[in-house]
Amino acid sequence: MQTGRRQDDALTGRSALLIDDNAFMRRLVRSLLRQFGFDDIHEAADGSEALLRVTERQFDVIVCDWMMEPTDGYAFVRSLRQHAVPAVQTLPVVMLTAVAAQNKVMAARDAGVTEYLVKPVSSGKLRARLIAALIRPRDFVVADDYVGPDRRRRDDVEYQGTRRRLSDRLRSLTDEEGEDWANAAANYATVLRGDIERMQVELAGIAADARPSFEAWRSVHRMAHDLKGQAPTFGYVAAAEIAGSLERLLRPAMQAPDMLERAGERRLRAGKTHVEALSLILEQGITGRSPETDALAERLNRTVERVHRESLL
């Protein structure tokens, strides 16, 4: 299979603003955009910085993560769609995120997102969404209760009419991965190891504190969330499953911080167990699922349920 750069005439020469607080993901997506033919790519680490960027110059498209601080992708899109400058207000936004809950997807749609792509991502999926956003744009609607692309779009796999989504038609095409993608995958073990070490540091700090540290727990939750979405992209399916379990362990407390006062010791032990499991599978070179990793995931999930039950007492 040819691994050289593949460019789409429709995307060649385009400009993009890439918004993500994870430097590794920015490098990866930047390399893919270059592979597609984009020649003017700018970056921002969160929505606040991005809002400054869009006032400085014009872009053809924005690729945006959801979970960022201090201004996340959802808040950014809402602000963008209320911008006073029409050329800024109507910019197409492809949200590339690990947030997959249906209510969040619908919220992003209602905020005015143009295309929504859930990690793990491949170059083919991203390319399809960019083409859909740039080449077959939907009418832009400005109404009292909504500003953004027309939401009335069929999403029926059986539908073959003229309004069928281009991204749906492209979904089955062969996905040719470029050299930049392969290099990023080869380097991901280093990224994963760094995240594991940072989570270990945060958990050690939590153990040393007399009271639960919301900021430290939030940091662990964010890293687990990112790993859940990123790891499958590079073949680390087992790590993604464990990270997803860790993210579920902490999600209720992130939504209701007072829960950190409950089941504190059990939550800390469970958090450490999850991170130790991540470290072990990385050390052993385990990437895909197996009966052993499935059994480990099941034990971790039971631990999560026990913490949740104790937190409700």
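The values are calculated or read from the model by the stated rules, or taken from the named source; none is laboratory data. What you see is a predicted model, and the numbers here were worked out from it, not measured in a lab. Cβ placement follows ideal geometry from the backbone for every residue including glycine, while neighbour counts extend to all protein chains displayed.
General remarks:
- Conditions (1) modelled with pLDDT of 90 or more; (2) more than 27 Å from R218 (Cβ to Cβ); (3) surrounded by fewer than 21 Cβ atoms within 10 Å (Cβ to Cβ): number failed by L52: (2)
- Count of the stretch 129-166 residues which are within 21 Å of I62 (Cα to Cα) and either modelled with pLDDT under 50 or among the polar types (S, T, N, Q) (or both): 2
- Those helices (runs of 4 or more DSSP H) lying entirely in the stretch 1-114 with at least 1 residues of a type in the set (S, T, Y) and not assigned by TED's automatic domain parsing to the domain that holds E247: 23-36, 47-56, 73-81
- Candidate set: the stretch 15-42, residues that are crowded, with 21+ Cβ neighbours inside 10 Å and more than 13 Å from the chain's Cα centre (by Cα); chosen: the one farthest from P92 (Cα to Cα): Q35
- Residue check, L296 modelled with pLDDT of 90 or more, in contact with a helix residue (DSSP H, G or I) (Cβ under 9 Å, 6 or more places away or on another chain) and either farther than 24 Å from A100 by Cα or part of a helix (DSSP H, G or I) (or both): yes
Results for (1) surrounded by fewer than 18 Cβ atoms within 10 Å (Cβ to Cβ); (2) free of Cβ contacts under 8 Å to residues at least 60 places away in the same chain; (3) over 26 Å from D65 (Cα atoms); (4) not hydroxyl-bearing (S, T, Y), shown as yes or no for each residue.
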{"site": "M199", "(1), (2), (3), (4)": "no, no, no, yes"}
{"site": "G205", "(1), (2), (3), (4)": "yes, yes, yes, yes"}
{"site": "Q255", "(1), (2), (3), (4)": "yes, yes, no, yes"}
{"site": "R269", "(1), (2), (3), (4)": "yes, yes, yes, yes"}
{"site": "R289", "(1), (2), (3), (4)": "yes, yes, yes, yes"}
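- Verdict on T90 being more than 18 Å from the chain's Cα centre (by Cα) and crowded, with 17+ Cβ neighbours inside 10 Å: yes
- If you filter the stretch 274-313 down to residues that are under 22 Å from L203 (Cα atoms) and hydroxyl-bearing (S, T, Y), you find that the one that is farthest from the chain's Cα centre (by Cα) is S311.
- All told, S219 meets the bar of being without any contact (Cβ under 8 Å) to a residue 24 or more places away in the chain and within 30 Å of S123 (Cα to Cα).
- Total residues in the stretch 291-311, condition touching a residue at least 12 places away in the same chain (Cβ under 8 Å) and more than 23 Å from R193 (Cβ to Cβ): 8
- Residues of the stretch 245-273 classified as among the small types (G, A, S), more than 17 Å from E215 (Cα to Cα), over 23 Å from the mean Cα position of the chain (by Cα) and part of a helix (DSSP H, G or I), total: 1
- Within the stretch 291-310, considering residues that are within 26 Å of Y188 (Cα to Cα) and among the polar types (S, T, N, Q), the one surrounded by the fewest Cβ atoms within 10 Å (Cβ to Cβ): N301
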